[in-house]
Amino acid sequence: MLIFDELKKNDPQLRLVATVVVAGLGILLAGLWWVQVVSAHEYQSHLETQAYRTVRIPAIRGKILDREGRVLAENRPRFNLSLYLDDLRKPFDAAYNQLYRQAREGRQRALAAQEIKLNRSLTKPERKAFALTTAELQQLRAQARWSVANNLVTQVGQQLGQPLALDTTKFERAYQTRLALPFTILPNLDPGQIARFEERFTNGLGANLDLQAARVYPSGATAAHLLGYLRNDDSSQEGEDADFNYRLPDYRGVVGVEGRCDTELRGHAGAESVLVNNLGYRQSENILDPPEPGRNVVLTIDLDLQRAAEASLIRHRGADVRGAVVVMDVNSGDVLALVSSPTFDPNDFAQGISQDKWQRIQDLTAEKNRATYENYAPGSIFKTVVALAALENGLNPAEIYHVEANPENPAKGMIYVGRRRIKDTAPPGDYNFKKAFIHSSNSYFINAGLEHAGVENVLRIGKEFHLGERTGLFARQETSGDFPDEERIQANWSDGDTANVCIGQGEVAVTPIQMAVMVSAIANGGKVLWPRLIDRIEPQDPATGEAATNFPSGRVRNELDVHARSLKILRDAMLADVNSSEGTGTAAAVNGLHICGKTGTAQVQDASNKLTGYNFWFASYAPYENPKYAVVVMVESTGSGSGGTVCAPIAHDIYETILKKQNAATTKTLARN
Amino acid sequence: MTPCFAKEREGRPDPIQLAALAVLMFIGTMFVCSATMANATTALLPWYDQIWMRQIIWYALGLGAAAGICLTDYHTLARWSFVAYWATILCLIAVLIPHIGSTHGWGARRWIDLGPFQFQPSEFAKLAFILAGANFLSRPPDELQQRAIFWKGIGLMLLPFGLILKEPDLGSALVLLPTGLVMMFVAGTPLKYLLRLAAVAGILGTLLLADVLFAPPGWRIKMQDYQRQRLLVYFGANFAAGNATAKEKSEARRLQFEKSYQVRQALISVGSGGLLGKGWRKGDQTALGFLPPGAAHNDFIFSVIAEEEGFAGSVLVLALYAVVLFTGLRIAGQARDRLGKLVAVGVVTLLFSHVFINIGMNIRIVPVTGIPLPLLSYGGSSVLCSLIALGLMQNVHIHRRGY
């Protein structure tokens, strides 16, 4: 080593100098080792926090499809016109320099004027008053960038044929806090504007289109209740990185399928890191973690039937009608259509709903899913349950029961329960089971319930249909209905209460979806099914090879403990209700399809037992020979009518659509063969 | 010793030192380029207008000057040393006069404008001081025992020190002290004088520091604001006084954050370089402008090297300086006479002080003082003076066996 040449020599001073130099270099070496090797991570993270901004990038939301793959909800590109502030740095600086020069010259002129006035040169502290302060310079900068941005915005607005203005405070806030992100000046351009913009602004002017995925429901209000709606929400979900500097707009499902399958539909948001310089301008960007697209949800819904059911409800009762329709496959429990009216357009929510529209929804209680989320007295359609209970307990369907005439109204029948007289809508006379069923004789069924079945058996059959329990179709949007249990009838229960239950009034309340399950069980030979709305959840891109999650169909919840004979008698009576000329449900009949049904009209009373309106029902299935479709129609009304006149025609339209669809399918199959 | 009659009049320069210098100049060019090309406006200049190209020109001029100096025996040069010394003293006085000295907008008057370029007389003062000091101290050791001679030597050092301090340029002034003191020590000035001096200086320094850190405003000695702030930043002391209002405190905090900006950014640059660095021209700190663009190629060039080449690069730079310094010490040891030895020791100490202070401030071992890193930092005066100083040292080496 060359130092030792010196140290060997007898020169203590030089040796000391050499030692000091060695020590000094050693200190530097140790310091560098400490900073660059030991603490490197710490400084790297310092660098990252000051130079990187992370941005949450929402994943593409999954689509919602009907059973045939038709789109109910999807995403469409939305083009926003945005300012890219990093491209405007040079114009900002240039404008600032110009303003600065002007301001400085102004001050110098003022200073010169002051000197002339005082006839002496100013002292240093006096001159200082004419200098521009830091705050003034900052203000000049803000002014410069605002004028540059505003000119650009005005210019673009002129070219687009839409006057645009730049909000000063919003712009300044975006500049201060979101410099690394595009600043939107005009959201949601229409195709004409996009074309005009693309034609005229091709170079990097600082204004550009910025692409966003927007949720759209191509059929508008169709199936709105079951699809649900979204809310703008860019917060991190569980399992996602929670620490972002910026977040791009995202949605969260609130109710319906959008709400229930939100996790699957949403996918996983990704993260992008934007490298910024010391002024906060964007330098480059880098995807850290690509977003994982959400999965598609395929429903059991048949869009044709859904549309037909909605259209028919509106055609017969108007757009604001309060009602519900459920169409179900009696063998699989698949919900083919689920309508609740009045309805809303979920597109309004995705775009941010206006106050007017929100008020309208509130006024009409339109957001309520009436097919699942409201209790209704079933009225006469509950006679199916009473019929099964009585037939199972020795009611001879051929046996004649005589209905007395009502002394106040001799054209109608009546029955005494204890000392209370219950009026009937059917005429007096002799009734066997079928005749009583198709005329919907209250007297006959009250008698059958009281004399043959007994309240315990009526309740047993009702329990077997799982009345008073949720069907599990929608997590937080379903009511269980009301159904008395064993305990209830032990205490303070009278024959009058039984009589009320036998005609679907009093302490029994159901939902249309429960009635669809009930009719399906009668139709399919006694299987009480779990209704099914979601068929499968599958990847958006089939090429990924990811497996779909399938939800099994035809899950049996309960097998009715009744004889096949009883069901047959009931089904024949339901067929007669639609097809015999005396039936109440004849308005539903369709040529070429044997429909079985039961009408119902329930009175709605307020707290003081005053009649406030009616629930009209028609619960049905078809075809008689080979049951396939259950159709339940319910309409709330304050006016008079009956299930047969109000609901049966709506069901008629739906069955016609079913028949047309079946015929078309058959023709297609034949043509293919 | 070879017999005198070998009479080798012409020696050769020290090849090891020359090689180390060549590598340093190469590194200097590369990283001045890296530090300046990050700036979009500078990067667009034609290659012959680039700052790194100018740095190469300064290297060439410096090498020319150094070679020129080597042609004349250092004894001859030493005879003119007092002329040079007083000439630079005049320049240092001139630079303080407002219409001659230029501030370049930095607040300190350090430059003299000479048409197309400016020069910094303080840099040349260091050279002249080394030569004059060596000449003065090379008298017989007995004379150095005299008090008068000792004080004259101190005066020789304090005159340029005071003038440079007045500019103000604390860093350049400070490096004169170790240079002068080490030269006096090596020359053979009695140790007791130096120790006493050191004791007095130490007490004064401690008092000064205590004043800066703890004294209430009324008791503070007069000092440039930025100097006080740099010291406060270095010692991590709070800018705000203990009894300050909340508003004053927040203002003080903001100021402190702002003032510690350079140090913090330099540390982040050096630290984030890690073991192997990010690669040439890939340093984020420079590219993103966090490292102040005006200082990156200048006083903070080491941060750029350390960020882009990591600990490995830092060690290489340190090793190259070590080679230069130790070959310098060897030249001092082999010098023909005390004059040569003192010149070499002076140059070694000057270089070492620059290296230690500059690298030290990049890693917060010493407070920030605007002092260039020899041969690596961009700057005409600095490059020229470093190369001339090294030329002087080589001169001592070449002429080590005269007569």
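Being in the same structural domain as A:Leu338 (by TED's automatic domain parsing), under 30 Å from A:Ile534 (Cβ atoms), touching a residue at least 24 places away in the same chain (Cβ under 8 Å) and crowded, with 22+ Cβ neighbours inside 10 Å holds for only one residue in A:Gly413, A:Gly481, and it is A:Gly481.
Please determine whether any residue of the stretch B:313-325 is at pLDDT below 95, more than 7 Å from every other protein chain (Cβ to nearest Cβ) and out of contact with any helix residue (DSSP H, G or I) (no Cβ under 8 Å at 6 or more places or on another chain). Looking through the stretch B:313-325, none of the residues is at pLDDT below 95, more than 7 Å from every other protein chain (Cβ to nearest Cβ) and out of contact with any helix residue (DSSP H, G or I) (no Cβ under 8 Å at 6 or more places or on another chain).
Residue-by-condition table, conditions (1) at the interface with chain B (Cβ under 10 Å from one of its Cβ atoms); (2) under 30 Å from B:Met184 (Cβ atoms):
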| position | (1), (2) |
| --- | --- |
| A:Leu16 | yes, yes |
| A:Val20 | yes, yes |
| A:Leu28 | yes, yes |
| A:Leu32 | yes, no |
| A:Tyr43 | yes, no |
| A:Ser82 | no, no |
| A:Arg89 | yes, no |
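Just to be sure, is A:Arg61 more than 7 Å from chain B (Cβ to nearest Cβ) and either at pLDDT 90 or above or not in a helix (DSSP H, G or I) (or both)? Can you show your working first?
Details: more than 7 Å from chain B (Cβ to nearest Cβ): yes; either at pLDDT 90 or above or not in a helix (DSSP H, G or I) (or both): yes.
Yes.
For the stretch A:321-340, the criterion of being within 14 Å of chain B (Cβ to nearest Cβ) and not in a strand (DSSP E or B) is met by no residue. Do we have A:Val276 as within 14 Å of another protein chain (Cβ to nearest Cβ) and either open to solvent by less than 10 Å² (accessible area, probe 1.4 Å) or under 26 Å from the mean Cα position of the chain (by Cα) (or both) here? Here the answer is yes, as A:Val276 does meet what is asked. When A:Tyr52 is tested against the conditions (1) open to solvent by 20 Å² or more (accessible area, probe 1.4 Å); (2) more than 25 Å from B:Glu309 (Cβ to Cβ); (3) within 12 Å of another protein chain (Cβ to nearest Cβ); (4) not β-branched (Val, Ile, Thr), the lone failure is (2). From the list B:Leu384, B:Leu392, B:Leu351, the one residue that fits, being within 11 Å of chain A (Cβ to nearest Cβ) and either aliphatic (A, V, I, L, M) or not in a helix (DSSP H, G or I) (or both), is B:Leu351.
Only residues that are out of contact with any helix residue (DSSP H, G or I) (no Cβ under 8 Å at 6 or more places or on another chain), open to solvent by less than 80 Å² (accessible area, probe 1.4 Å) and part of a helix (DSSP H, G or I) were counted across the stretch A:151-173, and they come to 3.
With the condition kept exactly as written, say whether any residue in the stretch A:308-316 is in contact (Cβ under 8 Å) with a residue 24 or more places away in the chain and farther than 30 Å from A:Asn331 by Cα. Among the residues of the stretch A:308-316, not one is in contact (Cβ under 8 Å) with a residue 24 or more places away in the chain and farther than 30 Å from A:Asn331 by Cα, which makes the answer no.
Within the span defined as the stretch A:26-47, one or more residues are part of a loop (DSSP other than H, G, I, E, B) and either without any contact (Cβ under 8 Å) to a residue 24 or more places away in the chain or in contact with an Asp or Glu (Cβ under 8 Å, 6 or more places away or on another chain) (or both).
For every residue, the table says whether it meets (1) in contact with a strand residue (DSSP E or B) (Cβ under 8 Å, 6 or more places away or on another chain); (2) open to solvent by 40 Å² or more (accessible area, probe 1.4 Å); (3) of a type in the set (Asp, Glu); (4) at pLDDT below 90.
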{"site": "B:Gln118", "(1), (2), (3), (4)": "yes, yes, no, yes"}
{"site": "B:Pro121", "(1), (2), (3), (4)": "yes, no, no, yes"}
{"site": "B:Pro140", "(1), (2), (3), (4)": "no, yes, no, yes"}
{"site": "B:Arg147", "(1), (2), (3), (4)": "no, yes, no, yes"}
{"site": "B:Lys152", "(1), (2), (3), (4)": "no, yes, no, no"}
{"site": "B:Met183", "(1), (2), (3), (4)": "no, no, no, no"}
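Per the conditions (1) surrounded by 17 or more Cβ atoms within 10 Å (Cβ to Cβ); (2) in contact with an Asp or Glu (Cβ under 8 Å, 6 or more places away or on another chain); (3) assigned to a loop (DSSP other than H, G, I, E, B), the sole criterion not satisfied by A:Gly472 is (1). When the stretch B:292-304 is filtered for residues that are within 11 Å of chain A (Cβ to nearest Cβ) and touching a residue at least 60 places away in the same chain (Cβ under 8 Å), the ones remaining, listed by number, are B:Pro293, B:Phe302. Here B:Asn362 clears all of (1) out of contact with any His (no Cβ under 9 Å at 6 or more places or on another chain); (2) at the interface with another protein chain (Cβ under 8 Å from one of its Cβ atoms); (3) not hydrophobic (A, V, I, L, M, F, W, C) except the condition numbered (2).
The values are calculated or read from the model by the stated rules, or taken from the named source; none is laboratory data. It should be emphasised that the depicted structure is a prediction, and the values quoted were computed from it without experimental measurement. All Cβ positions, glycine included, derive from the backbone under ideal geometry; neighbour counts span all protein chains shown. Note: accessible area is taken over every heavy atom of the protein model, side chains too, but ligands, DNA and RNA are not part of it. Shrake-Rupley method; radii C 1.70, N 1.55, O 1.52, S 1.80 Å.
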